[in-house]
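Working notes for the structure below.
The values are calculated or read from the model by the stated rules, or taken from the named source; none is laboratory data. Owing to the predicted nature of the structure, the values given are computational and were not obtained by experimental measurement. When we count neighbours, we look across all protein chains shown, and the Cβ atoms used for this are built from the backbone with ideal geometry, even at glycine. In case anyone asks, the SASA skips ligands and DNA or RNA and just uses the protein heavy atoms, side chains included. Shrake-Rupley method; radii C 1.70, N 1.55, O 1.52, S 1.80 Å.
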Amino acid sequence: MRITGITLGKKRYIPTYIAACLLIVVVTLYLALPVIALFFRTTPELFWTSLSDPLVISALWLSLTTSVISLVVVILVGTPFAYIHCRATYPGKVLVDTLIDLPLVLPPAVAGFALLVLYGRMGLIGRYLNMMGISVAFTTLAVIMAQIFVASPFYLRQAKSLFEQFDQSYEHTARTLGASPLRTFMTITLPLTAGGLVSGAVMTFGRALGEFGATIMFAGNLPGVTQTMPLAVYVGMEHNFNLGLTISILLVILSFAIMITVRLLTRKEAPRA
Amino acid sequence: MLEAVIRKQLRDFPLDLSFSVGPKEILILMGANGSGKSTTLNIIAGLLQPDAGSVCLDNITLCDPAQGVCIPVEERRIGYVFQNSAVFPHLTVRENIAYGLRARRLPRNEIAGHVDRMIELMHLEDLGQIRAGNLSGGQKQRVALGRAIAIRPALLMLDEPFTSLDAESSRTVKDLTRMVVDELKIPCIIISHHITDGTDIGDRVLLLHSGKPVWGGRPEDIPGDVSVCHCR
């Protein structure tokens, strides 16, 4: 074993060596054991049987569709927003910068409560929507709005950082060659930042998929309408442990796949950077 | 013919200069780092706006704040090679050279003909399908030069094009630049830190110091003390 600058072969380094090994083992086990425990509590037969339960299927379907819609909205709105935000100077830019990051530190339950106060039946905007016969809170739309609110900073931060670090001489060259700003963005900026943007999008999808606090506050917990996978885990824990277990395992597998995808994408991007 | 009168307040000093460059003439813009050389080129290209003055190319006013004239960057017909060559790494050499022609919506067969000619002119015959990100410094510079002149510019500008090149590549790019400028009969501005670039390829040198011209003339006449004081 090697720690940068020190070869741990000599006798006097043995305590350091043991401490280092212990530290790695303890941290790894602390993170891995709860996840591993999930797999030990079920059997493949039970897992496959629970998987076909209507509650699991509807929660899985709802989670995937709402997360995909949230992601598409975040990418379509967030990409041009992040680009314009980076390139333009406007009053209140610092404030906007802070607001973008706010959902990262805001407790999700507070985010859900705030959305409810704004869009609920008696909310600031909600009361007018209600007059027009539009109800937002406790609908599938509320699930998507909660996911966008909580997960979008993951994409926006990544996009902002990519566009800020992007060498503008590529864009300037494209412009002098006759390309419009839009063409420059689509043919130069976007392809050259695509890898980083995709990894930001994958993280956003993962966060949207795991969203719980804001969703339960703003959208409620209606099976087939607003009950996403994390909410179904909560219900399962109270009423049907095996269902909760199956959905938890599904979420672990999905989360793991997301992290591996991000790692592969960022590793592929490294040489270019 | 390029005629430029440029005034712009920079952070530490005002940029204040006027000069002209005739057809087939290569002007070497020299000066220490931060003396306003790249800003001058960026203003001519339209990437920055001057506070006052005017930029006229072939009797067309590209920019004149007093008259409210400002032709957009993409309509100025200026070939601009940046310091790092800025070849698009995700595109092939052919796609790089064709980029400006596609942006100008030329017919496909016309683009192919232009690209073939540029590839031959820049000695890039074996590299057409190679991604530009995988090229050497000298090859990138030739691609950038070919891409800039493929749009048949009315003015060619190169920002420190020889800095990161070895002697042989530098010679090749200089020869190609001279050939292109003579063939297209266009004015050319090259930013350089080295007096040898001036004597090798330049017809005239303009030395900048803190945004103002301090010496102008033929490269072989440049006084040694001036070049030492102002080019490092």
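Restricting to region A:35-60, give me the number of residues that are under 20 Å from A:M229 (Cα atoms), open to solvent by 80 Å² or more (accessible area, probe 1.4 Å) and assigned to a helix (DSSP H, G or I).
6
Quick one: what pairs do we get from region A:187-200, first residue within 9 Å of chain B (Cβ to nearest Cβ), second open to solvent by less than 20 Å² (accessible area, probe 1.4 Å) and in a helix (DSSP H, G or I), C-beta under 8 Å, 6+ apart or different chains?
Here the result reads A:T187/A:A174; A:T187/B:Y99; A:I188/A:E171; A:I188/A:A174, each pair linking region A:187-200 to a residue that is open to solvent by less than 20 Å² (accessible area, probe 1.4 Å) and in a helix (DSSP H, G or I).
Give just the number: which of (1) open to solvent by 30 Å² or more (accessible area, probe 1.4 Å); (2) in contact with a helix residue (DSSP H, G or I) (Cβ under 9 Å, 6 or more places away or on another chain) does B:A66 not satisfy?
Condition not satisfied by B:A66: (2).
Consider only pairs whose beta carbons are under 8 Å apart and that are at least six residues apart or on different chains; among these, list those whose first residue lies in region A:152-170 and is within 14 Å of chain B (Cβ to nearest Cβ) and assigned to a helix (DSSP H, G or I) and whose second residue is surrounded by fewer than 19 Cβ atoms within 10 Å (Cβ to Cβ) and not acidic (D, E).
Between residues of region A:152-170 that are within 14 Å of chain B (Cβ to nearest Cβ) and assigned to a helix (DSSP H, G or I) and residues that are surrounded by fewer than 19 Cβ atoms within 10 Å (Cβ to Cβ) and not acidic (D, E), the close pairs are A:S169/B:Q83; A:S169/B:N84.
Name, by its number, the condition in (1) more than 14 Å from the chain's Cα centre (by Cα); (2) buried (at least 20 other Cβ atoms within 10 Å of the Cβ) that does not hold for A:L264.
A:L264 satisfies every listed condition except (2).
Kindly provide the set of residues from region A:219-235 that are under 18 Å from the mean Cα position of the chain (by Cα) and in a helix (DSSP H, G or I), ordered by number.
A:M229, A:P230, A:L231 - these are the residues of region A:219-235 that are under 18 Å from the mean Cα position of the chain (by Cα) and in a helix (DSSP H, G or I).
Taking strands (runs of 3 or more DSSP E) that fall entirely within region B:1-77, which contain at least 2 residues that are closer than 20 Å to B:G217 by Cβ? Spell out the reasoning first.
Numbers: elements: B:2-9, B:14-21, B:26-31, B:52-57, B:60-64.
In region B:1-77, B:2-9, B:14-21, B:26-31 are the strands (runs of 3 or more DSSP E) which contain 2 or more residues that are closer than 20 Å to B:G217 by Cβ.
Considering only region B:47-59, state which residues are open to solvent by 20 Å² or more (accessible area, probe 1.4 Å) and either within 19 Å of the chain's Cα centre (by Cα) or farther than 16 Å from B:V5 by Cβ (or both).
Residues satisfying the conditions are B:L47, B:L48, B:Q49, B:S54, B:C56, B:D58.
Suppose the filter is open to solvent by 20 Å² or more (accessible area, probe 1.4 Å) and more than 14 Å from chain B (Cβ to nearest Cβ); does A:L116 pass it? Full working, then the answer.
Details: open to solvent by 20 Å² or more (accessible area, probe 1.4 Å): yes; more than 14 Å from chain B (Cβ to nearest Cβ): yes.
For A:L116, the condition - open to solvent by 20 Å² or more (accessible area, probe 1.4 Å) and more than 14 Å from chain B (Cβ to nearest Cβ) - is met.
Can you list residue pairs whose Cβ atoms sit under 7 Å apart, with the first residue in region A:24-41 being under 15 Å from A:S255 (Cβ atoms) and the second being among the hydrophobic types (A, V, I, L, M, F, W, C)? Count only pairs 6 or more apart in sequence or on different chains.
A:V35/A:V252; A:L38/A:L245; A:L38/A:I249; A:L38/A:V252; A:F39/A:I249
Out of the residues in region A:174-186 meeting the condition of being more than 25 Å from A:R267 (Cα to Cα) and in contact (Cβ under 8 Å) with a residue 12 or more places away in the chain, tell me which one is nearest to the other protein chains (Cβ to nearest Cβ).
Residues of region A:174-186 that are more than 25 Å from A:R267 (Cα to Cα), as a first pass: A:174-184.
Next cut, in contact (Cβ under 8 Å) with a residue 12 or more places away in the chain only: A:174, A:184.
Numbers: A:A174: 7, A:T184: 9 Å.
Within region A:174-186, the match that is nearest to the other protein chains (Cβ to nearest Cβ) is A:A174.
If we only count helices (runs of 4 or more DSSP H) wholly inside region B:88-168, which ones have 3 or more residues that are over 24 Å from B:R178 (Cα atoms) and within 13 Å of chain A (Cβ to nearest Cβ)?
Here the list reads B:93-103.
Out of region B:177-196, which residues are assigned to a helix (DSSP H, G or I) and open to solvent by less than 10 Å² (accessible area, probe 1.4 Å)?
So in region B:177-196, the residues assigned to a helix (DSSP H, G or I) come out as B:177-184, B:195-196.
Listed by number, the residues that qualify are B:T177, B:V180, B:V181.
Regarding region A:92-101, can at least one residue be identified that is modelled with pLDDT under 95, in contact with a Pro (Cβ under 7 Å, 6 or more places away or on another chain) and surrounded by 13 or more Cβ atoms within 10 Å (Cβ to Cβ)?
Within region A:92-101, one or more residues are modelled with pLDDT under 95, in contact with a Pro (Cβ under 7 Å, 6 or more places away or on another chain) and surrounded by 13 or more Cβ atoms within 10 Å (Cβ to Cβ).
Being more than 18 Å from the chain's Cα centre (by Cα), surrounded by 20 or more Cβ atoms within 10 Å (Cβ to Cβ) and among the hydrophobic types (A, V, I, L, M, F, W, C) is the requirement here; does A:L177 meet it? Working first, answer last.
Details: more than 18 Å from the chain's Cα centre (by Cα): yes; surrounded by 20 or more Cβ atoms within 10 Å (Cβ to Cβ): yes; among the hydrophobic types (A, V, I, L, M, F, W, C): yes.
So A:L177 passes the test.
Is it the case that A:T215 is among the hydroxyl-bearing types (S, T, Y) and within 30 Å of B:R77 (Cα to Cα)? Spell out the reasoning first.
Numbers: among the hydroxyl-bearing types (S, T, Y): yes; within 30 Å of B:R77 (Cα to Cα): no.
When the stated conditions are applied, A:T215 does not pass them.
What do you reckon, is A:I69 in contact (Cβ under 8 Å) with a residue 60 or more places away in the chain and part of a helix (DSSP H, G or I)? Let's see the steps before the verdict.
Working: in contact (Cβ under 8 Å) with a residue 60 or more places away in the chain: yes; part of a helix (DSSP H, G or I): yes.
Yes, satisfied.
Suppose we keep only residues that are in contact with a His (Cβ under 9 Å, 6 or more places away or on another chain) and either open to solvent by 30 Å² or more (accessible area, probe 1.4 Å) or at pLDDT below 95 (or both) within region B:81-100. Which one would you say is nearest to B:K140 (Cα to Cα)?
Narrowing region B:81-100 to residues in contact with a His (Cβ under 9 Å, 6 or more places away or on another chain): B:82, B:86, B:97-98.
From what's left, either open to solvent by 30 Å² or more (accessible area, probe 1.4 Å) or at pLDDT below 95 (or both): B:82, B:86.
Numbers: B:F82: 11, B:A86: 8 Å.
Filtering region B:81-100 for residues that are in contact with a His (Cβ under 9 Å, 6 or more places away or on another chain) and either open to solvent by 30 Å² or more (accessible area, probe 1.4 Å) or at pLDDT below 95 (or both), the one nearest to B:K140 (Cα to Cα) comes out as B:A86.
Based on what the data block shows, is B:V173 of a type outside the set (F, W, Y), surrounded by 21 or more Cβ atoms within 10 Å (Cβ to Cβ), touching a Leu at 6+ places or on another chain (Cβ under 8 Å) and within 17 Å of A:L177 (Cβ to Cβ)? Break it down stepwise before answering.
Numbers: of a type outside the set (F, W, Y): yes; surrounded by 21 or more Cβ atoms within 10 Å (Cβ to Cβ): yes; touching a Leu at 6+ places or on another chain (Cβ under 8 Å): yes; within 17 Å of A:L177 (Cβ to Cβ): no.
Taking the combined requirement at face value, the residue does not satisfy it.
It is to be established whether one or more residues within region A:65-85 are among the aromatic types (F, W, Y) and more than 25 Å from A:V198 (Cα to Cα). Walk me through how you get there before you give the answer.
Filtering region A:65-85 for residues among the aromatic types (F, W, Y) gives A:81, A:83.
Right, trim to more than 25 Å from A:V198 (Cα to Cα) and you get none.
Looking for residues that are among the aromatic types (F, W, Y) and more than 25 Å from A:V198 (Cα to Cα), one finds none in region A:65-85, hence no.
Can you tell me which residue is nearest to the chain's Cα centre (by Cα) among those in region A:203-218 that are of a type in the set (V, I, T) and crowded, with 22+ Cβ neighbours inside 10 Å? I'd like the intermediate steps shown before the answer.
Kept after step one, since they are of a type in the set (V, I, T), are these residues of region A:203-218: A:204, A:215-216.
Restricting the remaining residues to those that are crowded, with 22+ Cβ neighbours inside 10 Å gives A:204, A:215.
On the way: A:T204: 3, A:T215: 14 Å.
Checked region A:203-218; the qualifying residue nearest to the chain's Cα centre (by Cα) is A:T204.
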